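One structure is given here, and the rest of the page talks about it.
Every number here is computed from the coordinates shown, using simple stated rules; none is lab data. Only a predicted model underlies this, so the values are computations on that prediction, with no experimental measurement involved. Counting neighbours? That spans all protein chains shown, and the Cβs are built from the backbone with ideal geometry, glycine included.
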């Protein structure tokens, strides 16, 4: 794992890096904890500002690119906490006031352009439709409404992408299991679903919205699940991936 703040690599100063993607959020969030020593110490001093670029790379692949939204300094511990959002978060912050007409993909691309965002692969799910004015609601809300909530919005390779939930299916490897918890909860539609949080060592290729199945029952986790959250974490030399899942 390597981390850059603007054009300066700060990997050696980082004590913890978390990249978090939630299925019901536009884009991803990164939280970095870094050592921030005084000027006269042997460690370089970093002074991040809101708006600074942050890039996280793992095994040659960029897993996060965004800008600092919040910076906190703990003087007693000489630590910095930097919270960043990727560009797709602009969809949540931008209001969508116009009415639109076109296919879901055409309207999505238009909304993204109005928010100053490029688009990559955008799911086309049907014929021409109308989207009435969503005064006071976010652009992200409007896009999800186009797809009846059945889409995942992400930011990849410098562009917003929209893909359907449940399109891909994968297997969870029990041999990499690091932590596991599960419980039964009441669903919004009535009935009971199984929620699970599963942590595996290393990086996982599983993405939000995918349908996965353990390769064998693991302490009450069995059957198929939809991945609602993917949290990649690097701390104390250990890389882990935590998956928040709901049974389907």
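Per the Kirkwood definition applied to all pairs of different Cα atoms, how many angstroms is the hydrodynamic radius of segment 1-106? Working shown, then result.
Working: mean 1/r = 0.0654 Å⁻¹.
Evaluated on segment 1-106, it is 15.3 Å.
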Residue 205/residue 93 FRET efficiency (R0 45 Å; Cβ-Cβ; nearest 0.05): 0.95
Centroid-to-centroid separation of segment 108-123 and segment 147-166 [C-alpha atoms, Å]: 11 Å
Estimated FRET transfer efficiency when R0 is 35 angstrom, pair residue 69-residue 216 (beta carbons, to 0.05): 0.30
Inter-centroid distance (Cα atoms) of segment 209-248 relative to segment 67-107, Å: 25 Å
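What FRET efficiency, computed as 1/(1 + (r/R0)^6) with R0 = 22 Å and r the Cβ-Cβ distance, is obtained for residue 59 and residue 178, rounded to the nearest 0.05? If you can, show how the numbers build up before the last one.
Numbers: r = 19 Å, r/R0 = 0.85.
Plugging the Cβ-Cβ distance into 1/(1 + (r/R0)^6) gives 0.75.
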Alpha-carbon radius of gyration plus Dmax, which is the widest Cα pair, for segment 169-247 in Å: 12.4, 43
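Write down, largest first, the equivalent ellipsoid semi-axes of segment 49-130 in whole Å, where each equals the square root of 5 times an eigenvalue of the alpha-carbon gyration tensor. Don't jump to the answer; show the numbers that get you there.
Working: eigenvalues 249, 52, 13 Å².
Calculated on Cα positions only, the semi-axes equal 35, 16, 8 Å.
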Footprinting exposure proxy for 91, 117, 177 (fewest neighbouring C-beta atoms within 10 Å first): 177, 117, 91
Rel. contact order, % - alpha carbon contacts under 8 angstrom, at least six apart, segment 2-85: 30 percent
Segment 169-247: relative contact order in percent, alpha carbon pairs under 8 Å with at least 6 residues between: 32 percent
Percent of beta bridges antiparallel (DSSP, the chain, rounded to nearest 5): 95 percent
All-pairs alpha carbon distance profile, segment 91-232, 10 Å steps from 0, percent: 10, 34, 27, 22, 7, 0
For segment 90-164, Kirkwood radius (reciprocal of mean inverse C-alpha pair distance, Å): 12.0 Å
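How high is the relative contact order of the chain? Use alpha-carbon pairs under 8 Å, at least six apart in sequence, and give a whole percent. Provide the component values of the computation, followed by the final result.
Numbers: 570 pairs, mean separation 41.7, N = 248.
Relative contact order, the chain: 17 percent.
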Among 149, 170, 190: highest mean-square fluctuation, GNM of the chain, C-alpha pairs under 10 Å: 190
